[in-house]
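Here the structure is laid out as structure tokens; the discussion comes afterwards.
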Amino acid sequence: MAEIIKMPRLSDTMEEGTVAKWLKQVGDKIEEGDILAEIETDKATMEFESFYEGTLLHIGIEEGDGAPVDALLAIVGEEGEDISGLIDGAGSGDAGAGEDTKETVAEEAATGDGSEDAETASGDDAGGQAEVPEGVEIIRMPRLSDTMEEGTVASWIKKKGDAVEEGDILAEIETDKATMEFESFYSGTLLHIGIEEGESAPVDAVLAVIGPEGTDVEAVLSAGSGSGKPAATEEKGAEAKKESSEEKAASTGGAAAGREEARSGGSSSGDGRIFISPLARKMAEEKGIDLSDVEGTGDNGRIVKRDIENYTPSAKPAASVGEGAAKAPAEQAVPASAASMAPAGEESVEEVKNSQMRKVIAKRLSESKFTAPHYYLTIEVDMSQAMASRARINELPDTKVSFNDMVVKACAMALRKHPQVNTTWNGDTTKYNGHVHIGVAVAVEEGLVVPVLKFTDQMSLTAIGASVKDLAGRARNKKLTPAEMEGSTFTVSNLGMFGIREFTSIINQPNSAILSVGAIVEKPVVRDGQIVVGHTMTITLACDHRTVDGATGAQFLQTLRAYLEHPVTMLA
């Protein structure tokens with residue numbers, strides 16, 4: 001059955017979007033999760049993925065053309081299916097209603113119910129929606145990352161009974177990847193909190209209700225129970241349809257809000273984060289204003305439009321900002337819960353609830369291990385010249401380069417010479433990535449996150465070092481945004497700092513390979529026929545055999561070793 005895909009709302013301020021590029025063409029087969037197009041918003045150009053499977057039957061907005069949110073973007077369905085009615089309906093503004101009716105009839109037919117019952121159910125839904133008083137809004141748990149299935153309320157910034165303005169931060173929500181601020185798109189009074197601090201709920205569960213003071217909240221919740229939240233027994237296709245419109249809009253809007261708070265060194269909060277509205281962020285970037293120098297006058301010290309308009313540069317020493325930025329990554333996370341040691345002779349067991357991050361890590365790694373045919377290649381690298389080069393580099397003022405930075409740089413350059421390793425398996429096709437985005441695995445309290453260095457091959461060693469330090473620090477504080485953890489084409493995992501000499505890693509899909517980096521050890525080596533003291537490092541490349549053959553992986557490692565053993569070649 002054909003599905004209409006509409007122009008999504010990809011930012012909180014987006015009113016229309018422009019199709020920068022179509023990655024699929026009419027007639028192409030579409031899988032759930034495939035990237036359909038690149039869409040330019042008022043803030044950025046983003047990839048937009050399909051929530052449906054089938055054939056791309058119609059493109060409603062050509063490349064370079066703009067259209068308002070909810071305009072007909074594309075239609076996906078079965079090859080040869082008649083979609084003329086859907087196109088005509090979308091053009092007249094009734095596409096959404098036609099699609100809903102079509103879906104309802106199909107569901108009722110599948111369960112053996114008649115069309116009369118379908119119409120009755122539709123009428124009931126309409127009646128329920130109409131009962132929600134004007135000016136009252138039901139806010140649901142947003143989808144704040146591409147893998148998020150449920151979220152946990154880390155803290156409520158607003159309390160029940162508080163006045164809320166559009167743009168105010170309502171709560172901090174923990175996803176499988178980070179903790180993000182979630183801002184309100186409505187003004188009114190916070191009438192109801194549906195998920196208490198520390199509690200988890202699936203995407204689209206009732207998070208809060210905002211409206212005029214004195215509203216009958218119970219009546220609102222009863223009226224809204226059938227109008228937006230999918231029932232547990234609904235078909236997956238119906239859930240996907242809802243996600244592709246309302247939830248997708250909520251998720252990307254929330255992600256935009258999350259990006260605004262993922263900064264360190266500011267004066268707007270006690271833990272170093274800067275709270276800022278999207279408009280203020282845009283104005284600051286246009287004017288070249290350092291946000292760490294701006295005092296916020298909004299809720300909880302949040303920087304708003306008037307703060308940027310009224311900002312006057314001060315003589316504030318830059319050193320204090322640098323000290324704050326350097327301090328953050330050094331802070332170590334303390335486990336929130338661990339089983340207590342029992343008295344001698346007594347048994348003790350403590351069951352700790354798995355976090356969203358831990359559950360998603362388990363799911364993704366299991367999928368990778370049991371779907372991608374892994375194989376491993378291990379070599380030793382002479383790090384003597386790398387050690388000497390690093391010592392010389394770090395003698396420069398305000399310069400700090402680690403061995404891991406050198407490995408990341410070498411990997412980026414080696415990927416340029418061996419593009420087969422910089423690929424993604426797509427079933428019927430293999431995607432060759434023309435860019436190099438390297439993910440760097442970072443251990444955090446609840447598991448592992450992989451912030452991504454975009455265009456790593458174009459970065460200097462010092463730039464890589466500064467970026468990794470910043471990303472790792474914010475990763476440990478769970479302040480990375482989804483955009484900073486997406487899009488990797490290759491991953492580096494380093495346990496050398498823990499004294500691990502050699503290990504293997506599970507591929508971080510959709511990558512085709514991951515490099516495991518061990519510690520540099522002092523050992524006897526043969527050099528020019530003599531046994532001397534040497535410094536070697538063991539590295540292991542895990543490859544997906546569907547895309548990277550053994551010889552290709554071996555050649556990549558040879559190139560990588562050449563760069564590390566002769567670091568000066570990385571400057572050529």
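Just a few scattered comments:
- For region 457-494, the tally of residues that are farther than 12 Å from Val440 by Cβ and open to solvent by 60 Å² or more (accessible area, probe 1.4 Å) stands at 6.
- When the criteria are applied in full, Thr424 fails the requirement of being surrounded by fewer than 20 Cβ atoms within 10 Å (Cβ to Cβ), without any contact (Cβ under 8 Å) to a residue 12 or more places away in the chain and closer than 19 Å to Asn511 by Cβ.
- Filter result (of a type in the set (S, T, N, Q) and either open to solvent by less than 30 Å² (accessible area, probe 1.4 Å) or at positive phi (or both)) within region 526-537: Thr536
- Residues that are touching a Leu at 6+ places or on another chain (Cβ under 6 Å) and within 15 Å of Lys469 (Cα to Cα), drawn from region 377-407: Val401, Asp405
- Only strands (runs of 3 or more DSSP E) whose full extent lies in region 147-217 are considered here, and the ones with at least 1 residues that are more than 26 Å from Val132 (Cα to Cα) and modelled with pLDDT of 85 or more are 150-156, 169-174.
- Flag if Lys523 is crowded, with 18+ Cβ neighbours inside 10 Å and out of contact with any helix residue (DSSP H, G or I) (no Cβ under 8 Å at 6 or more places or on another chain): no
- Some residue of region 358-370 being over 29 Å from Leu23 (Cα atoms), in contact with a Gly (Cβ under 6 Å, 6 or more places away or on another chain) and open to solvent by 50 Å² or more (accessible area, probe 1.4 Å): yes
Condition check ((1) touching a residue at least 12 places away in the same chain (Cβ under 8 Å); (2) loosely packed, with under 15 Cβ neighbours inside 10 Å; (3) under 27 Å from the mean Cα position of the chain (by Cα)) across all residues:
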| position | (1), (2), (3) |
| --- | --- |
| Val164 | yes, no, no |
| Ala171 | yes, no, yes |
| Ala178 | yes, no, yes |
| Phe182 | yes, no, yes |
| Tyr186 | yes, no, yes |
| Thr189 | yes, no, no |
| Glu197 | yes, yes, yes |
| Ala208 | yes, no, yes |
| Val220 | yes, no, no |
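- Top-ranked residue of region 63-81 - restricted to ones that are open to solvent by less than 40 Å² (accessible area, probe 1.4 Å) and over 24 Å from Gly427 (Cα atoms), ranked as modelled with the lowest pLDDT: Val69
- Test result for Ile507, of a type in the set (A, V, I, L, M, F, W, C), within 24 Å of Glu380 (Cα to Cα) and part of a loop (DSSP other than H, G, I, E, B): yes
- Of the criteria (1) under 20 Å from the mean Cα position of the chain (by Cα); (2) open to solvent by less than 30 Å² (accessible area, probe 1.4 Å); (3) modelled with pLDDT of 50 or more, which one Ala280 fails: (1)
- For region 151-191, taking the residues that are β-branched (Val, Ile, Thr) and touching a helix residue (DSSP H, G or I) at 6+ places or on another chain (Cβ under 8 Å), the one that is farthest from Glu137 (Cα to Cα) is identified as Thr175.
- Residue count for region 389-420 under the criterion of being at pLDDT below 95 and surrounded by fewer than 16 Cβ atoms within 10 Å (Cβ to Cβ): the result is 9.
- Residue count for region 528-570, restricted to those that are touching a strand residue (DSSP E or B) at 6+ places or on another chain (Cβ under 9 Å) and under 13 Å from Met383 (Cβ atoms): 11
- Residue list for region 30-62, restricted to those being open to solvent by 50 Å² or more (accessible area, probe 1.4 Å) and over 18 Å from Glu3 (Cα atoms): Glu38, Glu40, Asp42, Lys43, Thr45, Glu47, Glu62
- Set Thr547, Thr540, Thr559: member being under 33 Å from the mean Cα position of the chain (by Cα), part of a helix (DSSP H, G or I), of a type in the set (S, T, N, Q) and at negative phi: Thr559
- Filtering Glu380, Glu445 for residues that are of a type in the set (Asp, Glu), open to solvent by 60 Å² or more (accessible area, probe 1.4 Å) and modelled with pLDDT of 95 or more leaves a single hit, Glu380.
- Leading residue by the ranking (modelled with the lowest pLDDT) among those in region 1-47 that are of a type in the set (Asp, Glu) and assigned to a loop (DSSP other than H, G, I, E, B): Asp12
- Residue in region 497-515 that is open to solvent by 30 Å² or more (accessible area, probe 1.4 Å) and on the phi > 0 side of the Ramachandran plot present: yes
- Qualifying residues in region 345-362 (those that are touching a residue at least 12 places away in the same chain (Cβ under 8 Å) and hydrophobic (A, V, I, L, M, F, W, C)) - the one farthest from Leu144 (Cα to Cα): Val352
The values are calculated or read from the model by the stated rules, or taken from the named source; none is laboratory data. Quantities reported herein were computed from a predicted structural model and do not represent experimental measurements. Please note: Cβ atoms are built from the backbone with ideal geometry, for glycine as well, and neighbour counts cover all protein chains shown. Only protein heavy atoms, including side chains, enter the accessible area calculation; ligands, DNA and RNA are left aside. Shrake-Rupley method; radii C 1.70, N 1.55, O 1.52, S 1.80 Å.
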